[in-house]
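What follows is calculated from the coordinates using simple rules that are stated; it is not laboratory data. Since this is a predicted model, take the numbers as computed values, not measurements. Reconstructed Cβ throughout: ideal geometry from the backbone, glycine too, with neighbour counts over all protein chains shown.
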Amino acid sequence: MNSSQKKKEKKALFDWKMIRIPRLVLRFLVIVFLVAVMLVALVYGIKYKGDEYPILAKIGNLIRIERSHADKSEEDEGNVMEARSAKLVYVKGDVTVKPKNELLFQKAQKGQILYEGDSIRTFSGGYAEVRFDEGNRLNIKPDSMVVIRTMKENRFTKMRKSSIKLRQSDVEAIVRRPKVEGSEFVIETPTALAKISEAKVAMQVSKENKSNLKVFKGAVDLKVGDQSVEITQNQTVAISNENRIDEVKDLPAAPKLLDPDNLAEYYFKSLNQMQTVLKWSPVSQDVKYRLQAALDPYFSELVIVRTGLSQQGVVVQGLKSGIYYWRVSAINPDGLEGDASDYRVFKVVIDQKPPDIILDDVLLLKAGGHVNAQISGQTEPEASIRINGATVAPDKTGRFKYILSHVTSDAEVSIIAEDRVGNRNVLKKTIEIQ
């Protein structure tokens, strides 16, 4: 046998065609492959389709397969986001609401629940406040149109997303620090998108779709077309209707109120006598101030508006009895107005009524051959009492008591009560001794 024949014979010994696999082993390998494919598909289905097919979620619970937070955040939000609601906590004037699935606007009601897609419209003199369930507040001023776009919560991560869309509007929003990182509040206008995590802002949209954003506290990520910019505390920016961001400008800081103290009370005998001084701290030398006083904390019922004040104080006169809220804002030389101060409250009482005197029965006390009389009764709190010329100090509720010595029969007692503004009441009583 020559060498070529030996090589051919050697190759034939290792020919793959000569290898034989038993059918049982082959079936086993195919089954293992199919099972592996099915397991991979099952795990994928549980992780990514569990919300679409509840049976897969149940199987995942049984075999302890759960979606990771990364998987949850990457899947379709429509499968994991739960709807939330908001409430109208303040309504004044002409305010209407249009639910998402209805054609007509209806008169708004305080306490009304709002959902995604609902629209709120205020007319001249109309004010509204929307309170979202995480504590964020939206104040809607007159001649505004606001649509609630989104109010959802991820049921796995608990991140919340809220968004509103403004047409012609004038609103202020206070967005609190979110409990879960990643939550956000978004304000949309026809030309801009403002993302807020924690801030106090004001947003105006004109009929021509021009917008203006003011940030009083915190920071806002503003996106206009392909432009993005961060607007921080005490800054403002205008957005044109041509998707252009103008120069970012500074706003003056809010003044701090000094006097009177919060919840101060003032009593006067007449409107002519009513006078008090409101004071605040200076912001800078080149600003003017705007003072507002109102009958409500939303400053929708204004009774005093004074603009262009150069001093840090003003005399207020002629206010009727009532509770008043006041605040001050600063305006820089460019005419840009900053945030208003936190408001304070004071009370005015025009008191023209003399204090009442209600006497108890006179108690006679005999001692050492003399008769003493105990004179007691009630007057209004903080009034002063004089009995036969002697000053008597009532307690904080107006109760008073005085011992009149050496009383004779048919003696006359004079009781004079005078309140804090000078109104007087005189009562005379004759003491009979039997």
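Between LYS100 and HIS370, the modelled label-to-label distance comes to 8.8 nm, taking each label 7 Å out from Cα in the direction of the beta carbon. Placing R0 at 30 angstrom, the Cβ-Cβ distance between ASP395 and SER270 gives a FRET efficiency of 0.55 after rounding to 0.05.
List the residues of region 123-157 whose backbone N lies under 17 Å from a point placed 7 Å from the Cα of ASP296 along the Cα-to-Cβ direction. Backbone N within reach: 123-131, 138-144. Farthest toward the positive end of the dipole of region 76-218, out of PRO99, GLY218, PHE156, is the Cα of GLY218, where the dipole comes from beta carbon charges about the Cα centre.
Rounded to the nearest 20, the Cβ-based charge dipole of region 81-250 about its Cα centre (Lys and Arg +1, Asp and Glu -1) stands at 600 debye. For the chain, adding -39500 (n - 2.57) for each run of n ≥ 4 DSSP H residues and dividing by the number of residues yields -4000 deg cm²/dmol at 222 nm. FRET efficiency for the LEU363 to VAL303 pair, using the beta carbon distance and R₀ = 45 Å, is estimated at 0.35.
Just want to confirm a number: the relative contact order over region 324-373, from Cα pairs under 8 angstrom separated by 6+ residues, in percent. Once divided by the residue count of region 324-373, the mean separation gives 26 percent.
Between ASP395, ASP419, ASP246, the Gaussian network model of the chain with springs among Cα atoms under 10 angstrom shows the greatest mean-square fluctuation at ASP395. Here region 355-369 is scanned for amide nitrogen atoms under 20 Å from the site 7 Å beyond the Cα of LYS428 along Cα-to-Cβ, giving 355-360, 362. Kirkwood radius and radius of gyration were both taken over the C-alpha atoms of region 210-314, and their ratio Rg/Rh is 1.11.
Based on the reciprocal of the average 1/r between different C-alpha atoms, the Kirkwood radius for region 270-363 equals 15.4 Å.
Between the amide H of LEU251 and those of GLN235, THR236, distances stay under 5 Å, these residues lying 5 or more places away or on another chain, with hydrogens modeled in the peptide plane. According to the square roots a ≥ b ≥ c of the eigenvalues of the Cα gyration tensor, what is the shape class of region 81-250, taking rounded for a/c under 1.5, prolate for a/b larger than b/c otherwise, and oblate for the remainder? Oblate, because a/c is 1.5 or more while a/b does not exceed b/c. Less than 5 angstrom separates the built amide H of PHE216 from those of LYS200, VAL201, ALA202, ASN234, all sequence-distant by 5 or more or on a different chain.
Given +1 at the Cβ of Lys and Arg, -1 at the Cβ of Asp and Glu and no other charges, the dipole of region 257-350 around its Cα centre is 380 debye to the nearest 20. Structure remark: mean-square fluctuation, Gaussian network model of the chain, C-alpha springs under 10 Å; the largest value among ASN423, ASN209, ASN241 belongs to ASN423. Across region 155-161, coupling constants 3J(HN,Hα) worked out from phi with the 6.51/-1.76/1.60 Karplus curve, θ = phi - 60°, read 6, 9, 8, 6, 6, 10, 10 Hz, and Gly and Pro carry x. Rounded to the nearest 20, the Cβ-based charge dipole of the chain about its Cα centre (Lys and Arg +1, Asp and Glu -1) stands at 2820 debye. Taking every full run of DSSP H in the chain, the ones that stretch at least 18 Å from end to end by Cα along their long axis and average -0.5 or higher on the Kyte-Doolittle scale are 23-49.
The slack in the chain from LYS353 to ILE323, taken as 0.36 nm per residue of separation less the alpha-carbon distance, amounts to 8.9 nm. Evaluating 6.51 cos²θ - 1.76 cosθ + 1.60 at θ = phi - 60° for every residue in region 304-314, the Karplus couplings come out as 9, 9, 10, 10, x, 6, 9, 8, 9, x, 8 Hz, glycine and proline recorded as x. As a calculated quantity, the FRET efficiency between GLU412 and LYS110 at R0 = 41 Å, using C-beta atoms, amounts to about 0.10. Positive-end ranking of VAL186, ALA199, VAL37 along the dipole of the chain, with charges on Cβ about the Cα centre, is headed by VAL37. Ordering GLY377, THR408, ALA390 by Cα displacement along the dipole of region 317-434 toward the positive end leaves THR408 in first place; charges were set at the Cβ atoms of Lys, Arg (+1) and Asp, Glu (-1). Along region 253-270 the Karplus relation, 6.51 cos²θ - 1.76 cosθ + 1.60 evaluated at θ = phi - 60°, assigns HN-Hα couplings of 6, 7, x, 10, 6, 10, 8, x, 4, 4, 6, 5, 10, 10, 10, 9, 7, 7 Hz to successive residues, with x for each Gly and Pro. Residues whose amide H comes within less than 5 Å of that of ASN136, counting only those at least five positions distant or on another chain, are ARG176 (H built at 1.01 Å from N in the peptide plane).
Take every pair of alpha-carbon atoms less than 8 Å apart whose residues are at least six positions apart; their mean separation over the length of region 257-350 yields a relative contact order of 38 percent. Among LYS320, LYS396, LYS353, the largest mean-square fluctuation in a Gaussian network model of the chain (Cα springs under 10 Å) belongs to LYS396.
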